[in-house]
Ligand SMILES: [Zn+2]
């Protein structure tokens, strides 16, 4: 039996960080949803939870490893940036460059400043 399960998962993506996060949030949505007295809100929560479960299992069972690993790498990178932004939220302001979409960090409380993108060297105004 164990051998058959192992054989089934050969060449499949498996549980990665992205699928784990989706599964966890779906589980939380389902827990919250079961205790909501408003019917329409309960069904909204439960529907979102089911969509999350299906998406997570789609990711776990997917054979398109290249695409799933690229999505997971983007998710992990976004999570790292968001954690950093949260940690430094009082000293710095973060936003994306309008031309190349690279993350930019500027000190807070400096008024209106001209920002030079360090990737594409373009300039743009931002209020900090
Ligand atoms: Zn740029």
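Overview of results
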read-out	value
Matching residues, the range 88-101, being surrounded by 13 or more Cβ atoms within 10 Å (Cβ to Cβ), assigned to a loop (DSSP other than H, G, I, E, B) and more than 11 Å from the ligand (Cβ to nearest atom)	88
Any hit, the range 23-44, residues being surrounded by 11 or more Cβ atoms within 10 Å (Cβ to Cβ), closer than 30 Å to residue 105 by Cβ and under 16 Å from the mean Cα position of the chain (by Cα)	yes
Some residue of the range 37-46 being touching a helix residue (DSSP H, G or I) at 6+ places or on another chain (Cβ under 6 Å), assigned to a helix (DSSP H, G or I) and free of Cβ contacts under 8 Å to residues at least 12 places away in the same chain	yes
Selection from the range 1-22 of residues that are more than 21 Å from the chain's Cα centre (by Cα) and part of a helix (DSSP H, G or I)	2, 3, 4, 5, 6, 7, 8
Among residues of the range 106-128, those that are more than 13 Å from the ligand (Cβ to nearest atom) and either closer than 25 Å to residue 77 by Cα or surrounded by 11 or more Cβ atoms within 10 Å (Cβ to Cβ) (or both), counted	6
Single unsatisfied condition, residue 50 versus (1) in contact (Cβ under 8 Å) with a residue 12 or more places away in the chain; (2) under 19 Å from the mean Cα position of the chain (by Cα); (3) within 16 Å of the ligand (Cβ to nearest atom)	(3)
Pair list, Cβ < 6 Å and 6+ apart or interchain, from the range 114-128 residues that are without any contact (Cβ under 8 Å) to a residue 24 or more places away in the chain and over 16 Å from residue 93 (Cα atoms) to residues that are within 9 Å of the ligand (Cβ to nearest atom) and not in a strand (DSSP E or B)	119/100; 119/102; 120/99; 120/100
Within the range 64-87, tally of residues that are modelled with pLDDT under 95 and in a loop (DSSP other than H, G, I, E, B)	0
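The values are calculated or read from the model by the stated rules, or taken from the named source; none is laboratory data. All values reported here derive from a predicted model rather than from experimental measurement. Glycine also receives a Cβ, built like all others from the backbone with ideal geometry; neighbour counts cover every protein chain displayed.
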